[in-house]
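Throughout, read-outs are computed from the coordinates displayed, never taken from laboratory work. All values reported here derive from a predicted model rather than from experimental measurement. Every residue, glycine among them, receives a Cβ derived from its backbone with ideal geometry; neighbour counts consider all protein chains shown.
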């Protein structure tokens, strides 16, 4: 997540892809989706080895969860299909239930700009 997916979302990279919105979104959907499907496959392999639990790789929050959560935020922002990622969604639900994740949510930051629809 941290090295193979997130850097591809940086503005410097996106500017090289295109200055137009739609090609950027296609790029983001492709690489975020690809990264999440790979992560899902890793979780499935670990499950076969007996590593389960509510979080990405066990019963406690790990760096994997910390890197995963922002990518799910980005995935939803750019309409990435997450239907092939049930393990990831399970881990996300467990993570979002923690006090740390709640405190770190973008909308809970002091400088958050909230949509007042």
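Relative to the dominant Cα principal axis of the chain, helix 86-96 is inclined by about 90°. What residue among 19, 90, 76 shows peak mean-square fluctuation when the chain is described by a Gaussian network model with Cα springs under 10 Å? Checking each option, the largest mean-square fluctuation is seen for 19. For 39, 30, the sequence from fewest to most other C-beta atoms within 10 Å is 30, 39.
Helix-derived [θ] at 222 nm for the chain: sum -39500 (n - 2.57) over DSSP H runs of at least 4, divide by residue count, nearest 500?
One gets -18500 deg cm²/dmol as the mean residue ellipticity at 222 nm.
In the chain, the longest principal axis of the Cα atoms and the axis of helix 21-48 are about 10 degrees apart.
Rounded to the nearest 10 degrees, the angle from helix 63-77 to the longest Cα principal axis of the chain is 40 degrees.
Based on Cα contacts under 8 Å between residues 6+ apart, the stretch 6-98 shows a relative contact order of 30 percent.
Shown here are the Rg and Dmax of the Cα trace of the stretch 28-92, at 11.2, 33 Å.
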